[in-house]
Amino acid sequence: MKLSKVLSPLRQGPFARYIAGETVSMVGTWMQFFAQGWVLTALTQKATVLGAINFASGIPMLLLTMLGGSLADRHDKRRILFCVLGAQIACALALGWLIASKGIAIWHILVAAIVLGIASAFEVPAVSALVPELVRRDQIGNAIALDRSLFHLTRLIGPAVSGALIGWYGAASAYYVNALSFLPLAAALLSIAPRVAGSADEEAKRSGGIRDGIAYVRGDAPTRSMIVLMSLTTFFVSPFLLVLMPLYSRVTLGLPAEKMGVLMAISGIGSFTGALGLLSVPHGHRATALKVAAGLIALGLGGLAASASLRLACFAIVCLALGLSATFGISNIIIQERAPDHLRGRVSAVAGLSFFGLVPFSGLLVAGTVDWIGMRHAMACAAILFAASAAVLLAGIRRLASAPFPSEARQAPSAIPPLADAK
């Protein structure tokens, strides 16, 4: 694929400004994510506590994400995101002050997790629906891939910078920098014009209920398959990378803050590579790419289970992150390309629940398993179970792109045939 076509979404001014602001913001977010893991593992070494924090963050998302998707379809997404930014800035400043004053306790982090979970329930569908609105329809796939690439590129920067800052100035500094990092994104959102109102019929469809989004997903086989795949990945794999990696790094491998930051940053290499690879996957070879990605996930998680050194762990986590990035990226592109404009927020919310709705439960379950049988054994079991489940789902699909391109069948789920290659 020509580089000019790959980068064509950046010629759209609103999208370019949004991406610039989002990149700065995500560096700060990954800094705080790393710092929180460091702070928590200093307060406790029980995996179930980390799982409980994740559970507290995920439950509001499970309960409110569909409402967030409905609001994203009905109202100005920028205003929703401004409210979200306010909550995120307030939490970052409050936690930073508590850490600096040495008054931080687990319950403070728990309360902040609940607040941020509520904010994310409205942020995720609003952002997922906003990005496709900033480019032409034929640029949606590349726009999402670029967005994911920069998202994962920040994983190379944020943890490494955060680890250095913690060593120099303490963990509070990462929280304060994160609070400042939201300001460029706020400025970018201010520069984006509101969505142009559609016809009376289209606006009426936008005002429909949550059930419309669920009905669309149930009736569209490619969308439904991608949501199932993301759910399997979330249930068996994501808790190790998103919830338990600080414990794995600090306790299982015995790494100091600087090397723990390196390991987290290295995972960003795999994620960034996987996201970039989305730009070169031909439309008719997405199923093959998903099978390769699933294999890398199983290999990476199994490798982490067997790793006894930082070098081997780095190799394994690159494989794991590459596979996860490609799986979620391709799945999301397919979902967004097919979603009707008036349902995009609600469809995004359903897709988001396959991750955020499961993470609180899978995180708690996996954390309990880790405390029961140990980190390495839990990772090995999860790798085997994921490989088997993904093989069953993907075995009968030769060409995921066999369903018509969205412009050919957009009006209703009934107009979209099931996957032609299902055996």
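The values are calculated or read from the model by the stated rules, or taken from the named source; none is laboratory data. Because the structure is predicted, anything quoted here is derived from the model rather than measured. Here Cβ is always computed from backbone atoms with ideal geometry, including for glycine, and neighbour counts include all displayed protein chains. Accessible surface is based on the protein model in full, side chains and every heavy atom, while ligands, DNA and RNA are left aside. Shrake-Rupley method; radii C 1.70, N 1.55, O 1.52, S 1.80 Å.
Structure notes:
- Failed condition for Val243, given (1) of a type in the set (Val, Ile, Thr); (2) at pLDDT below 80; (3) open to solvent by 20 Å² or more (accessible area, probe 1.4 Å): (3)
- Residue match in segment 44-59 (condition: farther than 30 Å from Val251 by Cβ, modelled with pLDDT of 80 or more and part of a helix (DSSP H, G or I)): no
- Test: Ile89 is closer than 30 Å to Pro14 by Cβ, modelled with pLDDT of 95 or more and buried (at least 16 other Cβ atoms within 10 Å of the Cβ): yes
- Consider segment 344-380 and keep the residues that are more than 20 Å from Gly300 (Cβ to Cβ) and of a type in the set (Gly, Ala, Ser). The one that is surrounded by the fewest Cβ atoms within 10 Å (Cβ to Cβ) is Gly368.
- Conditions (1) modelled with pLDDT of 90 or more; (2) in contact with a Leu (Cβ under 7 Å, 6 or more places away or on another chain); number of the one not met by Leu180: (2)
- Of all residues making up segment 295-313, the number that are at pLDDT 90 or above, surrounded by fewer than 21 Cβ atoms within 10 Å (Cβ to Cβ) and farther than 16 Å from His377 by Cα: 2
- Tally of residues being more than 12 Å from the chain's Cα centre (by Cα) and over 13 Å from Ser331 (Cβ atoms) across segment 342-356: 6
- Residue check, Ala35 open to solvent by less than 60 Å² (accessible area, probe 1.4 Å), at pLDDT 85 or above, under 25 Å from Ser354 (Cα atoms) and under 20 Å from the mean Cα position of the chain (by Cα): no
- Of all the numbered requirements in (1) open to solvent by less than 20 Å² (accessible area, probe 1.4 Å); (2) among the hydrophobic types (A, V, I, L, M, F, W, C); (3) within 30 Å of Met375 (Cβ to Cβ), Met26 misses one, and that requirement is (1).
- Taking segment 47-62 as the range and being of a type outside the set (S, T, N, Q) and under 18 Å from the mean Cα position of the chain (by Cα) as the test, the residues that pass are Gly51, Ile53, Phe55, Ala56, Gly58, Ile59, Pro60, Met61, Leu62.
- For segment 106-154, residues that are open to solvent by less than 50 Å² (accessible area, probe 1.4 Å), free of Cβ contacts under 8 Å to residues at least 40 places away in the same chain and of a type in the set (A, V, I, L, M, F, W, C) total 2.
- Within segment 52-63, residues that are closer than 10 Å to Ile109 by Cβ sit with their Cβ atoms under 9 Å from residues that are outside any helix (DSSP H, G or I) and of a type in the set (Val, Ile, Thr), at 6+ positions apart or across chains, in these pairs: Ile53/Val243.
- For segment 346-368, the set of residues classified as touching a helix residue (DSSP H, G or I) at 6+ places or on another chain (Cβ under 7 Å), within 16 Å of Phe240 (Cα to Cα) and part of a helix (DSSP H, G or I) consists of Phe355, Phe356, Val359, Pro360, Ser362, Gly363, Leu364, Val366, Ala367, Gly368, listed by residue number.
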